[in-house]
Each structure stands twice: as structure tokens, then as C-alpha cells.
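First comes the structure, then the notes that go with it.
The values are calculated or read from the model by the stated rules, or taken from the named source; none is laboratory data. Just so it is clear, the model here is predicted, and its values are computed rather than measured. Ideal geometry is used to build each Cβ from the backbone, glycine not excepted, and the neighbour counts take in all protein chains shown. Side chains included, ligands, DNA and RNA excluded: accessible areas come from the protein's heavy atoms. Shrake-Rupley method; radii C 1.70, N 1.55, O 1.52, S 1.80 Å.
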Amino acid sequence: MQYRLDHADLALVLAVVRGGSLARAAALLEQDVSTVFRAIRRLEKALGSALFDKRRSGYLPTDAALRLAEQAEAAERALAAARLALARDEAMVSGTVRLTCTDSVLHGLLLPALRRFMPGYPALTLALATSNDFANLSRHDADLALRLTDHPPEHLVGRRLGTVDYLLCGHPSYLRAAAGQPPEALSWIAPDDVLPDHPTVAWRRRAHPAVLPAYRCSTLLAAAGLARAGLGIAALPRFLLDGDGDGELQALGDALPGCATGLWLLTRPDCRALRSVSTLFEELGRAIALPAAAG
């Protein structure tokens, strides 16, 4: 039966070819000289041919030894590549991170940020959920939250990313048609009872107590959609004013007093040690750029 070479045989031949002598080959293999000598003799006997021309100056490889050494080097490169790939996989950020935010923050701030850095994390999966409360993190339904608030829950940890102010705005076509009319005569688009304590609701009741909204929406993103459709005016966060072409909104004046709100990136204390969560936390902290709040 023909002798079947194994990895140890290739490593032996490569060491002798590289070393040029038994002593240097033994040093490369971290073996003693007699062990290398016996191994070469056994291999040559098994193959039925000489691998080296033994001379006083050293061991000169035959053509057969050179061919084996070439294959040994190829195997060596393949092994090194496999180890590098494994190391990269271990270094790669992977897993699933659950993130919750409002739909207005999702579309106005989060999606532009994700577009900038998520392609660099192909093994990271992001599960997104839109919600207006903090219960998701408290119930362990989410790992991260982006929230517009000035009073984040004390049981969460995080970072304030900046301040969001609000402006009264409408589509330019609607504002042209309504020019000269008093505020009470305009069609107002406002949050409904889902957001009873929203700062823009309190501002409207103080500044324009006689106004009865013509449209009520459960989210600010929906209110922005109605305003972009030219149906009225709405108090919206500054980051929702930008649109595409006919969808652009125009502010009626400066930022609304008393409505500026902090944007917080929050997580649970037990999530801070998770590499996937901490990586996404730091990336979002760098990527989300808020417009300057009016001061």
C-alpha cells in the first residue's frame, strides 16, 4: 500500500529544507537532532526514495523534497489564513440588539445615523420597536432606548445626546393660503390623548387657549405627515422639518418657549457589559447629530 503523507511529514521536510542541516531543522521543530534524523530515514524508507543528499556541508533537498516543501508552505499559509479568519470572527461584533424609540425619532434621527455606521457591522442584528414609554426596558423587552425626555428613569443609565426644540410649522402652500388669518382660524394638527403631557400641548393651551385642533394624531410623525400634506399647522421637533421637495415644512417663527426637550440614549445597567449593546451605544452617541436648539 502506498504511504500516505501527513502534516507532520510535510512539516519535517519543510524544516530540513529551510534549515539546510539536521541541527537547524531540529531547532525549528523544537526536537533533538537524533529524532529528526530517525524521522527523515523512516520517511525516505516509506516513500522509497531519497529526499536529501547528505553532505558534510548539510542536507541538500532533492526535487522530491522541494515539491513536498512547496506543498508544506501552501498548507502553512492556509493554516495562517484560517487562524486569521477565526481571530477576525472573534473580533467581529455580533448578536441581536433590541432598540426602542418613537416613530418620529426613528425616522428623523435614528435612520440617518444607522445608514452611516451599520454597514460596518454585518454580523450585528438590530431589532427595532417604536413606543412612547420606558416600559420596554423595564420589562427587558429592549436593550437600548432613544427617548425625548428631561427626566429619564433613575433605574436606567445613559447619555444625553443634546436638546430638541419645537417649532410651529406648515406646508408653504397652506401658509400662503392662510396668510393674514389669526391663529384661531387656522387648522391645527395636534397630539391626541395618547400624549396628554407633551410640552407642545401645554404650550398651545397657554398661548392659544381658544384653539380647537382640527386633526389629532397619536404620533408626531403622523402630525408631520398631515402638515406636509397641506392640511394645517403643527408644533413639531426641529428634526422633522426637513423633507423632500414638496414635503418640506416651513417654520412660522422661532422655537416654541418651554418646549425644548433632551434626547437621551438609555440602557439597563445589566446591558452595559454586552459588547453588542455597548458598541451600538457608542456608535449612536457619535452618529446622532442634533440641530442646535434655540437659546
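Of Leu241, Leu111, which has the most accessible area and how do the rest follow, probe 1.4 Å?
Correct descending sequence by accessible area is Leu111, Leu241.
Using a 10 Å cut-off on Cβ atoms, rank the peptides 97-106, 210-219 from the highest mean neighbour count down.
So the order, starting with the most tightly packed, is 97-106, 210-219.
With a point put 7 Å past each Cα toward its Cβ, work out how far Leu126 is from Ala207 in nm, to one decimal.
So the label points at Leu126 and Ala207 sit 3.2 nm apart.
What residues from the range 1-19 fall in the zone where the backbone N is under 14 Å from a label point 7 Å along the Cα-to-C-beta line of Glu44?
Counting only backbone N, you get 13, 16-17.
Report the charge-dipole magnitude of the range 94-216 in Debye, nearest 20, computed about the Cα centre from +1 at each Lys and Arg Cβ and -1 at each Asp and Glu Cβ.
Approximately 360 debye in magnitude.
Could you sort 73-81, 10-18, 195-203, 152-160 so that the peptide with the highest average Cβ count within 10 Å comes first and the rest follow in order?
Descending mean neighbour count gives 10-18, 195-203, 152-160, 73-81.
Work out, step by step, the length gained on full extension between His107 and Ser34: first 0.36 nm times the residue separation, then minus their alpha carbon distance; give nm to one decimal.
Full extension of this stretch gives 19.0 nm more.
I'd like the Karplus ³J(HN,Hα) series for the range 161-171: coefficients 6.51, -1.76, 1.60, θ = phi - 60°, whole numbers in Hz, and an x wherever there's a Gly or Pro.
Coupling constants for the range 161-171: 8, x, 10, 10, 9, 10, 9, 7, 8, x, 6 Hz.
If you roll a 1.4 Å probe over the heavy atoms of the protein chains, what accessible area per residue do you get for the chain, in Å²?
55 Å²
What is the spread of the Cα atoms of the chain along each of their three principal axes, largest first, in whole Å?
Principal extents (largest minus smallest coordinate, Cα): 108, 42, 39 Å.
Calculate, for Ala75 and Arg272, the FRET efficiency according to 1/(1 + (r/R0)^6) with r their C-beta to C-beta distance and R0 35 Å; round to the nearest 0.05.
About 0.20, to the nearest 0.05.
If you rank Tyr166, Tyr3 by how much accessible surface each has, with a 1.4 Å probe, what is the order from largest down?
Largest accessible area first, the list is Tyr3, Tyr166.
Rounded to a whole number, what % of the accessible area of the chain do carbon and sulfur atoms account for, probe 1.4 Å?
Of the solvent-accessible surface of the chain, carbon and sulfur hold 53 percent.
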